[in-house]
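Contents: one structure, followed by commentary.
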Amino acid sequence: MPKELCYVVDQISREKGIPREVLIETLRSALLSATRKKFGGRTNIDLNIDPKTCDISVFETKTVTAKVVDRNEEISLQDACKISPEAKDGDTVNVPLDLHDFSRIAAQTAKQVIFQRVREAERDVIYSEFKNKVGQIVSGVVMRKEKGAYFINLGKTEAVLPVKETLPNENLKRGDTVRAYIEDVRVTPKGPAIMVTRANPQFIASLFTMEVPEINDGLVIIKNIVREPGERTKLAVYSKNPAIDPVGACVGMKGTRVQSIVRELRGERIDIIPWTDDPRQLVARALSPASVDRIGINEETKTAMVVVNDQQLSLAIGKRGQNVRLAMKLTGWDIDILSETEYSKIRIEEAEKTFSPPSADG
């Protein structure tokens with residue numbers, strides 16, 4: 001029995017990834033519950049399992065007394081001395097119990113509790129493992145879609161990818177391999193729920209960390225990242241080492257690094273700009289791919305007026321204002337964009353107000 005028990009414990013430990021000592025304690029608790037049930041629920045019965053040999057010993061703790069009233073709780077001094085020669089009145093001794101008649105019902109009870117505890121321990125292991133992976137990217141296979149979410153097989157468990165956290169117009173099918181960002185791990189009555197996303201800006205930040213060694217090594221830092229999923233992402237990067245071009249490191253030779261990420265994002269456009277503490281330069285760079293002719297800022301109100309060539313106006317604003325909207329999120333500045341024609345018109349109007357001709361009465 002002990003050898004078979006040790007074999008089962010070792011096998012479950014390997015297959016489920018549950019520490020051996022956790023299984024031993026689970027087994028001990030299950031057998032103790034079954035044993036106490038067999039003996040009418042007596043709480044003075046205890047059980048031990050040797051962690052190395054898996055030998056099981058069951059005993060009942062009794063109080064030594066000169067006159068025994070309750071045989072379930074008390075033992076005579078004469079009988080106690082047979083177990084512990086130094087026993088005296090008032091002491092407690094552990095009296096071994098014979099388990100040869102351990103009933104089938106008790107064994108079945110132990111089996112049920114063991115399975116339940118193993119499931120609980122397995123859930124705890126999964127929760128601990130993935131709780132430490134929050135903020136990382138995982139890869140899995142789409143198993144099914146139901147109730148507005150995809151269920152992704154991660155091997156030991158499933159992750160939940162809500163449809164609203166996928167890319168626009170992204171239709172995942174059963175069997176598709178997909179990468180996603182672990183946003184949260186929650187405890188539910190059915191076990192840990194691993195919530196993943198492909199829409200969070202940090203998903204792209206993590207992709208760059210995986211793809212760009214300089215970011216992974218801390219030589220290049222992502223200062224800020226903003227995103228409209230499926231459409232456009234803007235990120236500002238900074239290099240601690242003057243010899244390293246942060247934008248070039250992210251783009252890679254012939255664009256290999258950034259293109260790998262763009263493919264993962266189904267063609268989402270990515271603007272990478274070098275971070276600077278100069279707000280004029282930062283705002284101008286954030287409006288990429290548009291070119292800025294001139295810029296004026298108000299540091300108190302954190303507002304900026306930007307003038308661009310007439311042909312650059314629509315590019316600077318972007319489709320439905322997307323480019324300027326992301327630029328404002330990236331920099332934290334309120335940006336107003338004017339074309340050269342609009343700017344010249346404003347300057348002429350202001351000049352006319354300043355140098356208006358005197359009235360006839362004057």
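Derivation of every value follows stated rules applied to the coordinates shown; laboratory data play no part. Since we're looking at a predicted model, the values are computed, not measured. When we count neighbours, we look across all protein chains shown, and the Cβ atoms used for this are built from the backbone with ideal geometry, even at glycine.
Just rank Cys6, Cys250, fewest to most, by other beta-carbon atoms within 10 angstrom.
Fewest-to-most Cβ neighbours within 10 Å comes out as Cys6, Cys250.
List the cysteines of the chain that have no other Cys Cβ closer than 4.7 Å: which are they?
Cysteines lacking a close Cβ partner in the chain: Cys81, Cys250.
Radius of gyration and Dmax for the stretch 53-95's Cα atoms, expressed in Å?
Gyration radius and largest Cα-Cα distance of the stretch 53-95: 11.2, 39 Å.
Going by amide H atoms built from the backbone, whose H comes under 5 Å of the H on Tyr150, apart from near neighbours?
Sorted by chain and number, the residues that satisfy this are Leu161, Val163.
Rg(Cα) of the chain divided by 2.2 N^0.38 Å?
1.73
Taking the chain as a Gaussian network, Cα atoms linked when under 10 Å apart, which of Lys302, Lys234, Lys345 shows the biggest mean-square fluctuation?
Answer for the Gaussian network model of the chain: Lys345.
Calculate how many DSSP beta bridges within the chain are antiparallel, expressed in % of all such bridges and rounded to the nearest 5.
Antiparallel: roughly 75 percent of the beta bridges in the chain.
If you line up the long axis of helix 2-16 against the longest principal axis of the chain, both from Cα atoms, how many degrees apart are they, to the nearest 10?
Result, in degrees: 10.
Order these peptides, 143-151, 178-186, by their mean beta-carbon neighbour count within 10 angstrom, highest first.
178-186, 143-151
In units of 2.2 N^0.38 Å, what is the alpha-carbon radius of gyration of the stretch 96-238?
Expressed relative to 2.2 N^0.38 Å, the Cα Rg reads 1.47.
Could you give the size of the charge dipole of the chain about its Cα centre, using +1 on the Cβ of each K and R and -1 on the Cβ of each D and E, expressed in debye and rounded to the nearest 20?
So the dipole magnitude of the chain works out to roughly 1340 debye.
Less than 12 Å Cβ to Cβ from Val64, Lys/Arg counted +1 and Asp/Glu -1: what total charge do the surrounding residues give?
Charge balance near Val64 sits at -2.
Given contacts defined as C-alpha pairs under 8 Å and at least six residues apart, what's the relative contact order of the stretch 214-312, whole-number percent?
In percent, rounded to a whole number, it is 20.
Of the listed peptides 120-132, 320-332, 39-51, what is their order by residue-averaged count of other C-beta atoms within 10 Å, with the highest listed first?
On the way: 120-132: 16.3, 320-332: 18.3, 39-51: 14.2.
Top to bottom by mean Cβ count within 10 Å: 320-332, 120-132, 39-51.
Under the definition of Cα pairs under 8 Å and six or more residues apart, what whole-number percent is the relative contact order of the chain? Walk me through the intermediate numbers first.
Numbers: 556 pairs, mean separation 29.6, N = 362.
The value is 8 percent.
With θ set to phi - 60° and the Karplus curve 6.51 cos²θ - 1.76 cosθ + 1.60, what are the ³J(HN,Hα) couplings of the stretch 17-34 in order, to the nearest whole Hz, using x for Gly and Pro?
My calculation for the stretch 17-34 gives x, 9, x, 4, 5, 5, 5, 4, 5, 4, 5, 4, 5, 5, 5, 5, 4, 5 Hz in order.
Can you work out the base-10 log of I(q)/I(0) for the stretch 200-275 at q = 0.13, 0.25 1/Å, using the Debye formula on its C-alpha atoms alone?
These q points yield log10 I(q)/I(0) values of -0.32, -1.23.
Sequence-distant or interchain residues sharing an amide H contact under 5 Å with Asp176, placed H: which?
Val142
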